[in-house]
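In what follows, a single structure is set out as structure tokens and then discussed.
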Amino acid sequence: MAPLDLLFTGATGYIGGAVLDHVIGWNTKNQAYSITAIARKPEAVEKIKSSYPSDALTVVQAGYTDPLFATLVAEADVIVHTGESADDGTSANVITKNIKDGALLIHTSGTAILINESELDQQVTRRYDDVDDIKTLTSWELDHLHRNIDIQILDLHKNKPAVNTIIVCPPLIYGTGTGKVNQTSQQIPLMIKIASILKKNAVYGSGKAAWSNVHISDLAELYVLLLATYISDPKRLSYNDEGYYFAENGTHTWKSITAALDEPLVKYGIIPPENTAKVGTPDEVHFTDDELKKGLEPPVYKLAAWMYCTNSLSKATRARKLGWSRKQPDVYSTLDDEVKRFKEFGAPR
């Protein structure tokens with residue numbers, strides 16, 4: 001069978017770069033797809049091109065508003081959408097309008113869709129299962145993050161019955177990526193950045209809120225598994241209204257991450273030894289809202305004061321039914337490297 005045309009967005013991103021790298025590694029041996037990746041900047045195009053053999057993929061300079069992107073969408077048999085995909089209406093509109101009959105769209109959302117504002121800074125043990133709770137996951141109100149774009153993707157099959165969709169929904173992602181442009185995550189590196197600005201480590205709120213998590217390479221391998229299964233046995237996959245795939249391999253409370261950051265933050269000179277969070281001791285330190293507001297730029301303050309008090313717990317039943325499992329270290333085992341990378345390369349973008 002001739003290779004299927006695979007269009008890839010987000011090749012310069014943390015998620016997309018790692019996914020593309022893993023997919024190319026698999027595809028080099030299997031030759032199942034002819035891969036085209038887009039990047040907006042000429043230097044990014046050249047960086048990705050030069051990182052792989054010339055026959056591994058085609059890299060095209062294009063943005064979401066360029067007519068070329070719409071043309072590439074219309075020609076693709078499979079689209080893997082990772083580039084700002086969870087909240088970008090422009091790309092969603094172009095894809096849903098131009099995708100051809102018979103194509104598959106693998107769209108990247110995120111488990112921030114599970115956040116309930118009424119549960120901020122509370123201890124929550126409920127985990128949403130992508131099989132048992134599928135009706136709930138596909139019927140949230142529009143006040144849930146990512147929901148407006150998720151609806152567009154879910155409605156695509158209804159409007160074009162010959163098109164199928166899958167939504168991959170990762171939680172907190174950790175670890176060093178294998179992409180060629182951006183290898184750094186967001187949530188934990190931001191905690192490190194804030195500690196460096198305020199010269200102390202401390203708990204946000206009560207610290208009881210919890211998230212699921214996944215290593216970036218394990219997440220990338222889920223995309224590989226989906227693409228491989230689509231070639232070998234597509235009926236094993238779930239699509240459309242049932243095509244939600246969570247991707248989690250662990251859970252953490254924000255307080256537990258704070259506690260585990262104490263040692264590397266001191267080790268690499270980000271904070272002085274006397275300014276650790278001291279979690280679990282009578283001297284446990286908590287950030288006050290006032291010091292966060294005074295010490296951080298408004299966008300960073302707003303994100304930190306909210307993010308590290310949210311809950312988002314998920315259960316990746318569909319992925320595990322396909323045989324997906326964790327191969328990489330847990331989140332706590334990677335924190336020393338996260339702080340070391342911050343020391344060497346600075347804050348995430």
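Pairs only if they're at least six apart or on different chains, beta carbon under 7 angstrom, first in the stretch 210-222 and closer than 14 Å to GLY25 by Cα, second among the aliphatic types (A, V, I, L, M); list them, first residue then second.
SER217/ALA18; ALA220/ALA18; ALA220/VAL19; LEU222/VAL168; LEU222/ALA247; LEU222/ALA319
When residues of the stretch 212-248 are filtered for being open to solvent by 10 Å² or more (accessible area, probe 1.4 Å) and aromatic (Phe, Trp, Tyr), how many remain?
Residues flagged as open to solvent by 10 Å² or more (accessible area, probe 1.4 Å) and aromatic (Phe, Trp, Tyr) within the stretch 212-248 amount to 2.
Out of all the residues in the stretch 1-12, which are in contact with a helix residue (DSSP H, G or I) (Cβ under 9 Å, 6 or more places away or on another chain) and either basic (Lys, Arg) or open to solvent by 10 Å² or more (accessible area, probe 1.4 Å) (or both)?
Quick first cut of the stretch 1-12, residues in contact with a helix residue (DSSP H, G or I) (Cβ under 9 Å, 6 or more places away or on another chain) only: 1, 3-12.
Residues satisfying the conditions are MET1, PRO3, LEU4, ASP5, GLY10, THR12.
Could you tell me which residue of the stretch 168-211 is most open to solvent (accessible area, probe 1.4 Å), considering only residues that are among the charged types (D, E, K, R) and touching a Ser or Thr at 6+ places or on another chain (Cβ under 7 Å)?
For the stretch 168-211, the residue satisfying everything is LYS208.
Within the stretch 260-290, can you find the residues that are more than 26 Å from the chain's Cα centre (by Cα) and under 26 Å from VAL124 (Cβ atoms)? Show your work before the answer.
Just the residues of the stretch 260-290 that are more than 26 Å from the chain's Cα centre (by Cα), to begin with: 263, 266-290.
Within the stretch 260-290, ALA277, LYS278, VAL279, GLY280, THR281, GLU284, VAL285, HIS286, PHE287, THR288, ASP289 meet the criteria.
Could you list, in sequence order, all residues of the stretch 60-106 that are in a loop (DSSP other than H, G, I, E, B), open to solvent by 30 Å² or more (accessible area, probe 1.4 Å) and of a type in the set (Gly, Ala, Ser)?
If the condition is that a residue be in a loop (DSSP other than H, G, I, E, B), open to solvent by 30 Å² or more (accessible area, probe 1.4 Å) and of a type in the set (Gly, Ala, Ser), then GLY102 is the only one that fits.
Touching a residue at least 12 places away in the same chain (Cβ under 8 Å) and either part of a helix (DSSP H, G or I) or open to solvent by 40 Å² or more (accessible area, probe 1.4 Å) (or both): does that describe THR36? Spell out the reasoning first.
Numbers: touching a residue at least 12 places away in the same chain (Cβ under 8 Å): yes; either part of a helix (DSSP H, G or I) or open to solvent by 40 Å² or more (accessible area, probe 1.4 Å) (or both): no.
Judged against the criteria, THR36 is not a match.
From the residues in the stretch 310-349 that are within 22 Å of TYR268 (Cα to Cα) and assigned to a loop (DSSP other than H, G, I, E, B), which one is modelled with the lowest pLDDT?
Quick first cut of the stretch 310-349, residues within 22 Å of TYR268 (Cα to Cα) only: 329-349.
Next, from what is left, pick out any that are assigned to a loop (DSSP other than H, G, I, E, B): 329-330, 346-349.
On the way: PRO329: 98, ASP330: 98, GLY346: 76, ALA347: 62, PRO348: 55, ARG349: 51.
Residue satisfying both the conditions and the ranking: ARG349.
If you go through the stretch 107-142, how many residues are of a type in the set (A, V, I, L, M) and open to solvent by 30 Å² or more (accessible area, probe 1.4 Å)?
Summing the residues that are of a type in the set (A, V, I, L, M) and open to solvent by 30 Å² or more (accessible area, probe 1.4 Å) in the stretch 107-142 gives 3.
More than 30 Å from LEU237 (Cβ to Cβ), of a type in the set (Val, Ile, Thr) and touching a helix residue (DSSP H, G or I) at 6+ places or on another chain (Cβ under 8 Å): which single residue out of VAL331, VAL266 fits that description? Lay out the reasoning, then the answer.
On the way: VAL331 fails: more than 30 Å from LEU237 (Cβ to Cβ).
Among VAL331, VAL266, only VAL266 is more than 30 Å from LEU237 (Cβ to Cβ), of a type in the set (Val, Ile, Thr) and touching a helix residue (DSSP H, G or I) at 6+ places or on another chain (Cβ under 8 Å).
Among the numbered criteria (1) open to solvent by less than 30 Å² (accessible area, probe 1.4 Å); (2) under 30 Å from ARG236 (Cβ atoms); (3) more than 17 Å from the chain's Cα centre (by Cα), which single criterion is violated by ARG320?
Just one mismatch for ARG320, condition (1).
Show the residue pairs meeting these rules: Cβ distance below 6 Å; 6+ apart or different chains; first residue within the stretch 333-345 and under 17 Å from ASN182 (Cβ atoms); second residue assigned to a helix (DSSP H, G or I).
GLU338/ILE188; PHE342/ILE192
The values are calculated or read from the model by the stated rules, or taken from the named source; none is laboratory data. As the structure is a computational prediction, the values presented were derived from the model and not from experiment. Reconstructed Cβ throughout: ideal geometry from the backbone, glycine too, with neighbour counts over all protein chains shown. Only protein heavy atoms, including side chains, enter the accessible area calculation; ligands, DNA and RNA are left aside. Shrake-Rupley method; radii C 1.70, N 1.55, O 1.52, S 1.80 Å.
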